[in-house]
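Working notes, beginning with the structure itself.
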Amino acid sequence: RSFAARPSIYVFGTLQNAVTCNQSIFKMTAVKAAEFAAVGGFFDTKSSAAVAVNWHVIKVSSLITTTRHELTHMMIQQIAGKFTEIPAWINEGNARLVDTTVPGAGWWANTNRYVTISAAAAAPSELLPLTELVSQEQWNARIPPVETFQYYEASRAAQFVRDDVGVAGTIRIFELLSQGQSFDAAFQTVTGKSFAAFAAAF
């Protein structure tokens, strides 16, 4: 798919530069600017056309995936609609799946997969219920190690949806959201099962 408009990508080389630019470009408060300057990057949901990359954070990473990840969020919002609430697990899970298409990321894709399988195999299961991975606000508030693990789990859930209905089916769910359907209704229309049933099976 093509972006509706060419995305703007801002790359910040220092923490102070990121804080300053988050305030001037993205109109954040000082507190929010500092918070967002400390992460790898973000998609500006207000403009729907800009991504920030904190190079001072990610330059030491073994895989540079931030830009790809945030552009995926931008595309999902473009398909689903700017003001649509998208469940965090399918939003973040699909972005993580795109992360693992970066050259050399095969080992990381396996890490995402088998850490999740190990959690599921524990007795009792250490998986988070998917119903707890719906709110983006709750997602953003989690701290390590759960903050890290939720991405692993969401990527497996998103992959299971792709296994069932393909990438085209996943896109169709987002398209139905843009037409005003609830997520549960769109999910059932495309997959033939309720989200509750999918979550329980997962």
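The values are calculated or read from the model by the stated rules, or taken from the named source; none is laboratory data. On a predicted model such as this, the values are computed, not experimentally measured, just so you know. Here Cβ is always computed from backbone atoms with ideal geometry, including for glycine, and neighbour counts include all displayed protein chains. Accessible surface areas use protein heavy atoms only, side chains included; no ligands, DNA or RNA. Shrake-Rupley method; radii C 1.70, N 1.55, O 1.52, S 1.80 Å.
Measuring nothing but protein heavy atoms, the accessible surface of the range 97-202 at 1.4 Å probe radius is 56 percent carbon and sulfur.
Across the range 28-112, the mean sequence separation of Cα contacts (distance under 8 Å, 6 or more residues apart), normalised by length, yields a relative contact order of 24 percent.
Between Ala120 and Gln23, the contour length at 0.36 nm per residue exceeds the alpha carbon distance by 30.7 nm. Of the Cα atoms belonging to the range 1-83, the radius of gyration and Dmax stand at 12.6, 36 Å.
Please state the shape class of the range 86-168: rounded when a/c is under 1.5, otherwise prolate if a/b exceeds b/c and oblate if not, all from the C-alpha gyration tensor. Since a/c stays below 1.5, the shape of the range 86-168 is classed as rounded. Mean residue ellipticity at 222 nm, helices only, the chain: -18500 deg cm²/dmol; runs of at least 4 DSSP H residues each add -39,500 (n - 2.57), and the sum is divided by the number of residues. In the context of the full set of protein chains, residues of the chain present 51 Å² of accessible surface per residue (probe radius 1.4 Å, heavy atoms only). Amide hydrogen proximity for Ile9: with H placed 1.01 Å from N in the peptide plane, the residues at 5 or more positions away or on another chain lying under 5 Å are Val51.
Lysine pairs in the chain whose alpha-carbon atoms fall under 28 angstrom of each other, counting only those eight or more residues apart or on distinct chains, come to 9.
Near Trp107, within a Cβ-to-Cβ distance under 15 Å, what is the net charge of the other residues, with Lys and Arg +1 and Asp and Glu -1? It works out to a net charge of +1. For the peptides 77-83, 36-42, 98-104, the ranking by packing is 36-42, 77-83, 98-104, with the highest mean count of neighbouring Cβ atoms within 10 Å listed first.
Can you give the % of DSSP beta bridges in the chain that are antiparallel, to the nearest 5? Here the antiparallel bridges make up roughly 45 percent for the chain. Helices meeting the span-like rule in the chain (full DSSP H runs, Cα extent of at least 18 Å along the helix axis, mean Kyte-Doolittle score of 0.0 or higher): 146-178.
State the antiparallel share, in %, of DSSP beta bridges confined to the range 1-61, rounding to the nearest 5. Walk me through the intermediate numbers first.
On the way: 4 of 9 bridges.
Here the antiparallel bridges make up roughly 45 percent for the range 1-61.
Cα centroids of the range 28-56 and the range 1-24: 7 Å apart. Could you tell me which of rounded, prolate or oblate describes the range 12-158, using a ≥ b ≥ c as the square roots of the eigenvalues of the alpha-carbon gyration tensor, with rounded for a/c under 1.5 and, failing that, prolate when a/b is larger than b/c and oblate otherwise? Prolate, because a/c is 1.5 or more and a/b exceeds b/c. Surface composition of the range 5-87: carbon and sulfur make up 59 percent of the accessible area, probe 1.4 Å. The peptide list 134-141, 180-187, 149-156, put in order of mean Cβ contacts within 10 Å with the highest first, becomes 149-156, 180-187, 134-141.
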